[in-house]
Amino acid sequence: MTPELEKPITNLKGVGPKKSEYYKKLGIETVFDLLYHFPRRYIDFSAPVKIADAPRDEPCVIRAELVKKLSAAVVRSGLSIFKAVLTDGESDITLVMYNNKYGFDMLCVGKEYCLYGKVTGDLIRKEISSPLILDLSTGETVEPVYLLTEGLTQFALRQSVRNALLTLGNNIYEPLPKWVMKEYKLCSLSYALENIHFPKDMNTCAIAKNRLVFDELLTLSLGMRLLKDRSREQSGCVMRKKDISAYYDSLPFELTGAQKRAIGEVTGDMCREIPMNRLVQGDVGSGKTAVAAGAAFFAFLNGFQTAMMAPTEILASQHYETLSGFLEPLGVKCALLTGSLTPKKKQALKDEIAAGEYAVVVGTHALVQESTHFQRLGLVITDEQHRFGVRQRAALSDKGENPHKLVMSATPIPRTLALMIYGDLDLSILDELPAGRQKIETYAVTGKLRERAFGFVKKELDSGRQAYIVCPMIDENEKTELANVKSYAKELSEGFFKDYKIGLLHGKLAPDKKEKVMRDFKDKKTDILVSTTVVEVGVDVPNATCMVIENADRFGLSQLHQLRGRVGRGKYSSYCILITDNTNEDSRYRLKVLSKTSDGFAISEEDLKLRGPGDFFGSRQHGLPKMKIADMSENVDILRQAQHCAGEILRRDEKLTSPENKGLKELIDKLFADKMSEN
């Protein structure tokens, strides 16, 4: 990689220590970071409208000559207003700028400009306030718009990018092998970086974006394959076909066809010479744990141990209770290993695990500690993959001789997207719900009916049931009117629900506090759990039958579906009430979809169409590095090309050790740096 790219941005003209701190808030510390901070959108100034035809209160572009600058007006301390008159030859418009003397002074009478902003006023007098202004003498017709932070302006950021490109000149390295660029008709990286930031027109911008999207998706595809291929060596845990009908017969219920199919796929994989690498993906309540238990029983019959890692102690305890309930009647000894055990008990249990006394061990991060050893680990199961770093999962696998790996995900992802994301992970989908699973009646109402909704919740509580109330935010934010979970819980406990015990759960609580709040709710010590979305991946509370979600329009469909899946886990009828005052068409449509169907896969398809994978995954990203420019719903064709290209590159150079692939290897290391550093 070009050394200049790795230099801190303080090396650039105009970026001192103070400004570098602003950049740091955007994750920009080096010249590379700056050049890969791509515009979030562009304003195309090539098709201006006449002033007379400018739409009211909608952003548009007008082209006009500045004919007169008016005197500045100081309205009050700290507020100066600058005005100028422009004309397109037929109509005039007044430009208004606030506290921007520098920008106003840069404007020259007699010059033509393009202005982008909202035009206000009437037929006689029109105004445009604080527009983006393009000096036509530059010859540029496209203006990039970047994500900013307080202390940075669009102009300042563009200047920094321009200086970075000037500093590098023609010395920008080329990470792609020549044959790849030729075969996939890609422009050079130098051209791409210049024209993604300063495109001459939208066509050159598209050419640049195509190259950068290809780079990112190729890097992703290669990185994912390299991470997974590390375990594609011969397994030391090759198993033989065994009859597991005893497991089926011992269950107090009939497994669904999807569950049996998944167990068949898993046990088939475990008989192969390379380690299994399979994702079992199912909707809320689809019975993934029963599949995991079947796999663990199969490993037990083959003389191997199974380790199952869960993200929290309370979830680990829940899995332990379920697995031991399924397997101990069949003679399979199960253990629970968590951080809260006393040192003496923990060591004693670890000694027994190392001696092979337990066939199934369920636990948290304690499983990956250096002091934890297994006698013959053959199967590793991780729950909710996105909660664990790559290194954690690898550390658990390293405790055996290339053991088989099974990942369980409770978030339905559209099949097409899942196949793309998980690359060469084999996929089992649980698309049937077990018999007896309660349908959750879902209703969308406005805030006017809040008291009525709370009255319904009271009836459920008085019948001995429990309820969740979910809010989208934690801290006070003056810019929004969203319910604040802390003050909201206090308000409820002193008002409508003053006669009931209320628990409070949010992401800023310490892990042990979260565990206690959830356990108190599970143990019926609290009646209502007021929570943010951290409750989305929670424990089963069969007695909870009602969920109220405030500001429901703020959540994605898939997230709303995940949240409501917290209820309906017992024998009682269950309900979800969505409260929102946002009645626009999009919001109404989304909530209608949720009210009509309980099929998580159908909902996820709708969510993907409406919001794209960035929002679909939210901050979790499902174990993926964060994409800067690629969008896996929009760039499906490029993704297929990139995956095909990745296969061809690895066929030629399995470990990416050849000189022509050095640049690609550096990009992979950069993209996966955060993932590899997780622990």
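The values are calculated or read from the model by the stated rules, or taken from the named source; none is laboratory data. Everything numeric in this text was worked out from a predicted model, so none of it was measured. Cβ atoms come from the backbone with ideal geometry, glycine included; neighbour counts cover every protein chain shown.
Some observations on this one:
- Residue in the range 544-553 that is under 22 Å from Ile429 (Cα atoms), free of Cβ contacts under 8 Å to residues at least 60 places away in the same chain and among the acidic types (Asp, Glu) present: no
- Ala156 surrounded by fewer than 18 Cβ atoms within 10 Å (Cβ to Cβ) and not assigned by TED's automatic domain parsing to the domain that holds Leu86: yes
- Every residue from the range 483-497 that is at pLDDT 90 or above and not in a helix (DSSP H, G or I): Gly495, Phe496, Phe497
- Filtered by the rule that a residue be free of Cβ contacts under 8 Å to residues at least 12 places away in the same chain and surrounded by 15 or more Cβ atoms within 10 Å (Cβ to Cβ), the range 168-205 gives Met181, Thr204.
- Going through (1) out of contact with any Cys (no Cβ under 9 Å at 6 or more places or on another chain); (2) touching a residue at least 60 places away in the same chain (Cβ under 8 Å); (3) of a type in the set (A, V, I, L, M, F, W, C); (4) buried (at least 22 other Cβ atoms within 10 Å of the Cβ) one by one, Leu557 falls short only on (2).
Each row is one residue, and each column tells you yes or no for (1) of a type in the set (Asp, Glu); (2) at pLDDT 85 or above.
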{"site": "Arg566", "(1), (2)": "no, yes"}
{"site": "Ile579", "(1), (2)": "no, yes"}
{"site": "Thr597", "(1), (2)": "no, no"}
{"site": "Glu605", "(1), (2)": "yes, no"}
{"site": "Leu610", "(1), (2)": "no, no"}
{"site": "Asp615", "(1), (2)": "yes, no"}
{"site": "Gly618", "(1), (2)": "no, no"}
{"site": "Asp637", "(1), (2)": "yes, no"}
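- Residue in the range 412-426 that is within 23 Å of Gly570 (Cα to Cα), in contact with a strand residue (DSSP E or B) (Cβ under 9 Å, 6 or more places away or on another chain) and at pLDDT below 75 present: yes
- When the range 34-82 is limited to residues that are aromatic (Phe, Trp, Tyr) and in contact (Cβ under 8 Å) with a residue 60 or more places away in the chain, the one that is farthest from Ser137 (Cα to Cα) turns out to be Tyr36.
- Exclusive hit being crowded, with 16+ Cβ neighbours inside 10 Å, out of contact with any Asp or Glu (no Cβ under 8 Å at 6 or more places or on another chain), charged (D, E, K, R) and more than 28 Å from Lys626 (Cβ to Cβ), set Arg211, Arg261, Arg240: Arg261
- Of all residues in the range 505-519, those that are surrounded by fewer than 20 Cβ atoms within 10 Å (Cβ to Cβ) and either not small (Gly, Ala, Ser) or not assigned by TED's automatic domain parsing to the domain that holds Gln466 (or both) total 8.
- Among the residues of the range 244-263, those that are touching a residue at least 60 places away in the same chain (Cβ under 8 Å) and assigned to a helix (DSSP H, G or I) comprise Ala246, Tyr247, Ser250, Gly257, Ala258, Gln259, Arg261, Ala262.
- No other residue among Ser286, Ser231 is modelled with pLDDT under 90 and not assigned by TED's automatic domain parsing to the domain that holds Val380 apart from Ser231.
- In the range 264-292, residue surrounded by the most Cβ atoms within 10 Å (Cβ to Cβ) [restricted to those that are closer than 15 Å to Arg240 by Cα and in contact with a helix residue (DSSP H, G or I) (Cβ under 7 Å, 6 or more places away or on another chain)]: Met270
- Qualifying residue in the range 118-141 (condition: surrounded by fewer than 15 Cβ atoms within 10 Å (Cβ to Cβ), on the phi > 0 side of the Ramachandran plot and out of contact with any strand residue (DSSP E or B) (no Cβ under 8 Å at 6 or more places or on another chain)): yes
- For Leu186, the criteria (1) modelled with pLDDT under 95; (2) outside any helix (DSSP H, G or I) hold in every case but one, which is (1).
- Odd one out for Asn277, checked against (1) out of contact with any strand residue (DSSP E or B) (no Cβ under 8 Å at 6 or more places or on another chain); (2) more than 28 Å from Gly570 (Cα to Cα); (3) modelled with pLDDT under 95; (4) not charged (D, E, K, R): (1)
- Of all residues in the range 11-49, those that are in a helix (DSSP H, G or I), surrounded by 12 or more Cβ atoms within 10 Å (Cβ to Cβ) and either over 31 Å from the mean Cα position of the chain (by Cα) or not β-branched (Val, Ile, Thr) (or both) total 11.
Residue-by-condition table, conditions (1) part of a helix (DSSP H, G or I); (2) within 21 Å of Ser397 (Cα to Cα); (3) hydroxyl-bearing (Ser, Thr, Tyr):
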{"residue": "Thr289", "(1), (2), (3)": "yes, yes, yes"}
{"residue": "Ala296", "(1), (2), (3)": "yes, yes, no"}
{"residue": "Ser317", "(1), (2), (3)": "yes, no, yes"}
{"residue": "Gly325", "(1), (2), (3)": "yes, no, no"}
{"residue": "Leu341", "(1), (2), (3)": "no, no, no"}
{"residue": "Tyr358", "(1), (2), (3)": "no, yes, yes"}
{"residue": "Ala366", "(1), (2), (3)": "yes, yes, no"}
{"residue": "Ser371", "(1), (2), (3)": "no, yes, yes"}
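- Entry remark, the range 560-588: residues being surrounded by fewer than 20 Cβ atoms within 10 Å (Cβ to Cβ) and closer than 21 Å to Ile413 by Cβ number 0 in total.
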